[in-house]
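In what follows, a structure is listed as structure tokens, so that the remarks can point back to it.
The values are calculated or read from the model by the stated rules, or taken from the named source; none is laboratory data. All figures in this text were calculated on a predicted structure; none of them were measured in a lab. Virtual Cβ from ideal backbone geometry, glycine too; neighbours counted across all protein chains shown.
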Amino acid sequence: MKIVYIMWLRELKRYFRSKSRIVGSLGQPLLFLLALGYGLGSVFRAAGQGNYFQFLVPGIVGMSIIFSAIFSGIQIIWDRQFGFLKETLVAPVSRLNIMIGRTLGGATVATIQGVIVLFISMAFGFRPSNWWLFPVALVFMLLVALLFTALGTGIASVLEDMQGFQLIMNFLVMPIFFLSGALFPLSGLPHILTGFTIVDPLSYGIDSFRALLVGAAHFGLGLDFTVLTVVTAAFLVAGSYLFSRIQV
């Protein structure tokens, strides 16, 4: 298990050493938070839905986590191009442990990113409904981060260039985010859109954040946890298999 700790620590060091990465990864979530949170607040209130900023923050936290988590797969392609991945894979350690360490590291970084966005949103007026549930929210944030870090790792394991990875990620990430209910309530949607939100795993992550941070859930915390756990386990298995077959 030493290699798991080493790979986890390596991902954390990469994150904290890159100040530009920290600042750059906060730009888009904060833009969405301020532009939509304040821009559409009056419309949301006029529709009788309450405070849009309070509603939006859990969705933007989820956005920050998924973008950071899934794009952590780029590090695999980067390491492959510069030879570090080959040095790691030829070492007398299990590839499964290497993948677990990388995934835990990427998920930890993504969770930290989500927490930063959450605390910044508090400076603009967001208030959790129950601070005692914050540790539970952290668990769900880590679960969502593990899910999408494993997805990013699996996809990066079968690609060899960053351009291809970015195209595929944009094709996946944007629909996953916009269909998750991060920006709009899930109730009262057209049937076809409801079907997409149900099969979107991020929908259950965003729903759990809203349940724990603002006390409003659509699916229910029990269903959120069950779906996230099952899908995370499936993605971890798939990601581990694809990573184990990398040719360097």
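For the reader, a short list of remarks on this structure follows.
- Residue in the range 221-229 that is crowded, with 21+ Cβ neighbours inside 10 Å and on the phi < 0 side of the Ramachandran plot present: yes
- Counted residues, the range 142-184 - those being crowded, with 17+ Cβ neighbours inside 10 Å and over 24 Å from I98 (Cβ atoms): 9
- Pairs with Cβ under 6 Å, 6+ apart, first in the range 118-132 and in contact (Cβ under 8 Å) with a residue 24 or more places away in the chain, second surrounded by fewer than 17 Cβ atoms within 10 Å (Cβ to Cβ): S129/G215
- Subset of the range 191-216 [crowded, with 19+ Cβ neighbours inside 10 Å, over 10 Å from S180 (Cα atoms) and in contact with a Ser or Thr (Cβ under 9 Å, 6 or more places away or on another chain)]: L212, L213, V214
- With respect to the conditions (1) over 21 Å from L142 (Cα atoms); (2) modelled with pLDDT of 85 or more, P201 lacks only one, and its number is (1).
- Of the numbered criteria (1) modelled with pLDDT of 85 or more; (2) in a helix (DSSP H, G or I); (3) surrounded by fewer than 22 Cβ atoms within 10 Å (Cβ to Cβ), the one P128 fails is (2).
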